[in-house]
Amino acid sequence: MVVEIRGPGIVPGCDGLILPGGESTTISRHLARTGVGEEIRAAAGSGVPVMATCAGLIVISEEIVEETRFVPLGLLKVRVGRNAFGSQKESFEADIEVKGFASPYRGVFIRAPAIVGWSRDVEVLAKIDDAAVAVRQSRLLGLAFHPELTADGRFHDIFLGMIREVKTDVGDRR
């Protein structure tokens, strides 16, 4: 079942979390104001899988290149540049080579961020030039693009696999 999270108390019951695109400052302020940001931090810290796309990637990052009016959640050990590929009118689609995919993935980049630095804990799955656009750190999946705008479900499959992995691990301990 999919539920929308707009306030506190829902995150602790979730098997996985998706932080979508949108406006990262607005999302971050809402998370801070409602306390949902702390719930997300706690859930991710306990191993709940998180997929963050576009603005969501900025929100879960450890560091943002530009000065912002918010502090990111600091979950994903990456340094992110906001609007790294340009403004809204420079939005684009591109075929990207993704580690583990047999064929290119068509990424939809809308006023997209780019990952310009990452720790050794972060596995880079795809790059455009020198910038990473898809990364994984344990059960965190960070994407600079919008996988929900394509019919290609491979990144969603990775996320669902992460959730199944957690459920299997929990089941093994019972």
Whole-Hz couplings from phi, Karplus 6.51/-1.76/1.60, listed for the range 65-78; x for Gly and Pro: 4, 7, 5, 10, 9, 8, 9, x, 5, x, 7, 9, 7, 9
Likely footprinting exposure, H30, H146, fewest C-beta neighbours within 10 Å first: H30, H146
Of A132, A114, A42, the one that fluctuates the most in a GNM where the chain has Cα springs shorter than 10 Å: A42
Cα-centred dipole magnitude for the range 11-172, charges only on beta-carbon of K, R (+1) and D, E (-1), debye, nearest 20: 240 debye
Interchain or long-range residues, amide H under 5 Å from V98's placed H: Y105
Under 5 Å, built H, 5+ apart or other chain: amide partners of G21: T53, A55, G56
HN-Hα J in Hz across the range 135-143 - Karplus 6.51, -1.76, 1.60, θ = phi - 60°, x for Gly and Pro: 9, 9, 10, 6, 9, 10, 10, x, 10
Potential extension, R164-E4 segment - 0.36 nm per residue separation minus Cα distance: 55.6 nm
Packing-based ranking, highest mean first, of 70-79, 149-158, 1-10 given that Cβ atoms within 10 Å are counted: 70-79, 149-158, 1-10
Karplus 3J(HN,Hα) series, Hz, for the range 123-128 with 6.51 cos²θ - 1.76 cosθ + 1.60 (x for Gly, Pro): 8, 7, 9, 7, 9, 10
Full-stretch length increase - R120, F92 - with 0.36 nm per residue and alpha-carbon distance subtracted: 7.2 nm
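Let me check against my output: what whole-number percent is the relative contact order of the chain, with C-alpha pairs under 8 Å and at least 6 apart?
20 percent
Rule-based calculations on the coordinates, nothing more; no lab input. Here the structure is a predicted model, which is why all the values come from computation and not from measurement. Heads up, the Cβs are rebuilt from the backbone with ideal geometry, glycines too, and the neighbour counts pull from every protein chain shown.
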